[in-house]
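Accompanying notes for the structure given below.
All of the numbers you see were taken from the coordinates with simple rules; none came from a lab. Just so you know, these numbers come straight off a predicted model, no measurement behind them. Note that we place each Cβ from the backbone using ideal geometry, even for glycine, and neighbour counts take in every protein chain shown.
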Amino acid sequence: MTEINEQYTLTDHEFRDDDAYATGKYRLAARWLRKIGTSGVLYNIGCGAGHFNRLAVEIGYTVHAFEPDAAAYALAVANRPPQCDVQQLGLEAIPGQGVADVIVMHDVLEHIEDDHAAVDRLFELTKPSGALLLSVPALPSLWGYHDEQLGHFRRYTRRTLRDVLAPLFRVERLRWYGMTMLPVTLWYSRWRRRSYPMAGVTERGMAARAFDIVCRIEERTPVPVGTSLLCLARPHPRSSSESSAGS
C-alpha cells in the first residue's frame, strides 16, 4: 500500500453519483437486499459520499452510515436521506454487539490492513440472524495506480475472499461484476498508471450511453470474471457463551 492520495479519493467519492459502473453494482446489491427483507437496521460501513444510503432507505431499512474520512463524511451528511444518520467513525470504533440486521460494506475491506480482524468485528456487529453484503476489488493481477492512490492493501480472488470470511461467515452468494472494465483497468491503472477517464463516462454522449447499457446488462447477467466481487454471507451460529455475551 502507498500513502492515500486524499484529492484522488475525494474525486472518486464524488464521481460515484455519475458512475454507471458503481450505480449498476449498487442496484445489484439492492436487489439482493430486497430478497433478504425490506425492513430492519442496516449499517453502511465506509459509506463514502452516501449514495447507497438512499437505495437502502428506499427499500425500507433504517440506515446507520459510518464514514471515517472527513471529506467523504461531509458529502454523506449533505446527501443524507430521511431514516438515515451518518457518523464519522471507522469500523473499529463502531459500538455495539449484535446490533445490525444487515451490514453493507462497498469497497472497504481492501483498505484495512488486518482484514481478518475486520471480519471479526463485522461478526460481532451482525445479529445472529443477520447478513453481510460486501463488494471488493477483484484480481491481484489488476493491481495498479488506482489501488495505490486509494490506499488499498490488496485485491481479492473468490478463494481469498471466501478464506477471510469462512471462519465466521457462510457465503451464500458470490459473483463477479465489471467484466467490461477489465481492459480499461489494465490499460489505465496497471499499464499506463493513470487515473480513469472519468469525463468520458459522465458526459452524456454515445460512449456514456453505451457504457450505461453494458453496466445494466452486467447488473442482471452473471459474468465469468470481473473487476469486482460481490458477496452475501450469513454469520455462523454463535456458541452459547457468545450469545450470552451479546444479549
query = Just from its helices, what would the mean residue ellipticity at 222 nm be for the chain, if runs of 4 or more DSSP H residues each count -39500 (n - 2.57) and the sum is divided by every residue, rounded to the nearest 500 deg cm²/dmol?
reply = -11500 deg cm²/dmol
key: Area projected by the alpha carbon convex hull of the chain, averaged over all directions, nm²   = 12.6 nm²
note = With the 8 Å Cα cutoff and a minimum separation of six or more residues, the chain has a relative contact order in percent of 22 percent
note = Ranked by GNM mean-square fluctuation in the chain (Cα springs under 10 Å), the top entry among Pro167, Pro235, Pro128 is Pro167
task = Under a 10 Å cutoff between Cα atoms, tell me which one of Asp19, Asp212, Asp163 has the largest fluctuation in the Gaussian network model of the chain.
result = Asp163
query = HN-Hα J couplings of segment 75-92 from phi, Karplus 6.51/-1.76/1.60, θ = phi - 60°, integer Hz, Gly and Pro as x?
reply = 5, 5, 5, 5, 8, 5, x, x, 6, 8, 10, 10, 10, 8, 9, x, 3, 5
task = Quick one: which residues, 5+ away or cross-chain, put their amide H under 5 Å from the amide H of Tyr156? H built at 1.01 Å from N.
result = Ala138, Leu139
remark   = Here Rg/Rh (Cα, Kirkwood) for segment 143-232 equals 1.02
remark   = Between Phe169 and residues 5 or more places away or on another chain, the pairs with built amide H atoms under 5 Å apart involve His236
Distance (nanometres) between label positions extended 7 Å along Cα→Cβ at Arg159 and Val41 = 3.9 nm
message = In Å, what Kirkwood hydrodynamic radius results for segment 99-201 from the alpha-carbon pair distances?
response = 14.9 Å
